[in-house]
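The values are calculated or read from the model by the stated rules, or taken from the named source; none is laboratory data. These numbers were taken from a predicted model, which means no experiment stands behind them. All Cβ positions, glycine included, derive from the backbone under ideal geometry; neighbour counts span all protein chains shown.
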Amino acid sequence: MDVFYASDDRYAQHLGVSISSVLTHSKSPINFHILDGGISEYKKSIILDLLNNSPMSRIEFIPVDNDIFDDFPCSERFTVASYYRCIIHELKPEIDKAIYLDCDVVANCCLGEFFAIDLEENYAAVVEDFNILMDERKAVLNLPAGSRYFNSGVLLLNLKKIRTDAVFSQILPLLDKYEKFLDYYDQDLLNVLFVGKVKFVEPWWNVMEIVFRKNGIHCQNRFYNNKKFKYYNNNPKIIHYANRSTLWFDGASQFLHKFWLDYYWYYKKTKFYSGIRQFPCFLFLKKQLKNLTFKKCKRWILRIHLTSNRRIIRIMGLYIVDWKKKEFSIC
């Protein structure tokens, strides 16, 4: 079974955590292909170390020339590495079927079950993006009214069919046509390129935070009854921390994934883990203090008053000493 990722150095830790989760549940050897956008040798060594308990699996790093994507729009959130999935069929012409995963996912089951899905004549097996805003994307991208917009973070790719139909030869003309309207860049392009040629699978293969936020009011669900939809999302086979929805991301989202803690269990199995500073309770407390206007808390806990006629140290709301008058007072 072949599994592809795309990563730069910034996301190398999350890549390692994702691979750790896949290996934890794997029942057979896996070939990991990392489309490498500049991962340091040190972080590569940490990732390769994950194979110590899975000697039959292997990891290869495939350097990617970013000049290929000079004309592709990027942002801080959607880096050039997000486009790497569009050249998998060229980089590995001998592979006819493969799984692609974003670095910000963890697997809670053996991916062999996902890999076994029959793609028939479709380009990919995908999960619908249930964010209610995605209906707007369909209109902007001129997708058929009855179509479904999918999330590109978890894909089972029919590389043979994609190669045969030369699907990605159309990407540059599409880029010229839609560049001003691309909010989700590679995902928008893939939805246009694959329209009518994708197989939608159960939501538990790509569970994102948005389906839980405020009891799901930001979601739309037109193809599953509510009971089944809740069951799928509450029993995820792949958890997707889109929008940095777990605490181990720099600039973690204010909206935590219901399964934000699962990241930690796989993180601990890697050498990226750095001990007490990465304990969930420590990070959670830090986040809560920040939400409770951390600056105000700090001012209450410890503040030094300096004026022209007196200097006062205040700790926990108590004036400990007035250095001029040598007396105590309470705030």
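Points to keep in mind about this one:
- Any hit, the stretch 72-82, residues being of a type in the set (Lys, Arg), over 27 Å from Phe181 (Cβ atoms) and out of contact with any Pro (no Cβ under 6 Å at 6 or more places or on another chain): no
- Test: residue in the stretch 33-48 that is charged (D, E, K, R), touching a helix residue (DSSP H, G or I) at 6+ places or on another chain (Cβ under 6 Å) and under 18 Å from Leu159 (Cβ atoms): no
- For the stretch 7-44, taking the residues that are out of contact with any strand residue (DSSP E or B) (no Cβ under 8 Å at 6 or more places or on another chain) and basic (Lys, Arg), the one that is farthest from Phe272 (Cα to Cα) is identified as Lys27.
- Flag if Val207 is within 23 Å of Leu155 (Cα to Cα), touching a residue at least 60 places away in the same chain (Cβ under 8 Å) and in the same structural domain as Tyr100 (by TED's automatic domain parsing): no
- Note on the stretch 26-42: residues that are crowded, with 16+ Cβ neighbours inside 10 Å and either touching a residue at least 60 places away in the same chain (Cβ under 8 Å) or part of a strand (DSSP E or B) (or both) amount to 7.
- In the stretch 234-261, residue nearest to Asp129 (Cα to Cα) [restricted to those that are buried (at least 24 other Cβ atoms within 10 Å of the Cβ) and of a type in the set (S, T, N, Q)]: Ser245
- Selection from the stretch 90-104 of residues that are of a type outside the set (D, E, K, R) and more than 28 Å from Val17 (Cβ to Cβ): Pro93
- For the stretch 135-161, a tally of residues being among the charged types (D, E, K, R) and part of a loop (DSSP other than H, G, I, E, B) returns 1.
- Test for Asp176: is it surrounded by fewer than 18 Cβ atoms within 10 Å (Cβ to Cβ), within 18 Å of the chain's Cα centre (by Cα) and farther than 23 Å from Ile99 by Cα: no
- Filtered residues of the stretch 1-47 (kept if under 28 Å from Cys74 (Cβ atoms) and aliphatic (A, V, I, L, M)): Val3, Ala6, Ala12, Leu15, Val17, Ile19, Val22, Ile34, Leu35, Ile39, Ile46, Ile47
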